Amino acid sequence: MAKFKIKKGLSDAEMFKNVVEEETFETAMRKGEAESKRPAPLRKSSSNSQEAFYREFLTEKVETQIGKLLLDIKMEYFKDGVGDFSIQVKKDGRNIVIETAPKKIK
């Protein structure tokens, strides 16, 4: 076997610039996992639309909090054997109430 001389002070990118990795089952799975972990694309909204104006009130933090709570509720329904549920949003004075109920099967 031939000896290879490794130059000192190279970055990782410089050391591996000519290396081509063969795709194996593991690399394919990692690639698929990385793609599934990508954040969802942001909503497209024009500044003139009324819908975009309403969404300005929902910050990322508020959306995340609502999403976490809805996931908890969905898991509770799942434990009770309910597959899906409906959501209703109502105004109660100066409060917003989100009500959930199991969806009726037709």
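Here Arg55 meets each of (1) in contact with a Ser or Thr (Cβ under 7 Å, 6 or more places away or on another chain); (2) at pLDDT below 80 with one exception, condition (2).
Is region 45-52 home to any residue that is acidic (Asp, Glu), modelled with pLDDT of 85 or more and either touching a Pro at 6+ places or on another chain (Cβ under 7 Å) or outside any loop (DSSP other than H, G, I, E, B) (or both)? Looking through region 45-52, none of the residues is acidic (Asp, Glu), modelled with pLDDT of 85 or more and either touching a Pro at 6+ places or on another chain (Cβ under 7 Å) or outside any loop (DSSP other than H, G, I, E, B) (or both). Taking first residues from region 59-70 that are within 14 Å of Ile96 (Cα to Cα) and partners that are modelled with pLDDT under 90 and open to solvent by 70 Å² or more (accessible area, probe 1.4 Å), the Cβ contacts under 9 Å between residues at least 6 apart in sequence or on separate chains come to Ile66/Leu58.
Taking the listed residues Glu26, Glu22, the one that is farther than 30 Å from Ile96 by Cα, modelled with pLDDT of 80 or more, open to solvent by 100 Å² or more (accessible area, probe 1.4 Å) and outside any loop (DSSP other than H, G, I, E, B) is Glu26, with no other qualifying. The condition (being out of contact with any helix residue (DSSP H, G or I) (no Cβ under 8 Å at 6 or more places or on another chain), at pLDDT 90 or above and either outside any loop (DSSP other than H, G, I, E, B) or exposed (fewer than 10 other Cβ atoms within 10 Å of the Cβ) (or both)) is satisfied by just one residue among Ile87, Ile73: Ile73.
The values are calculated or read from the model by the stated rules, or taken from the named source; none is laboratory data. Remember, predicted model here, so these are calculated numbers, not experimental data. We place every Cβ from the backbone using ideal geometry, glycine too, and count neighbours over all the protein chains shown. Side chains are part of the model used for accessible areas, which takes the heavy atoms of the whole protein and leaves out ligands, DNA and RNA. Shrake-Rupley method; radii C 1.70, N 1.55, O 1.52, S 1.80 Å.
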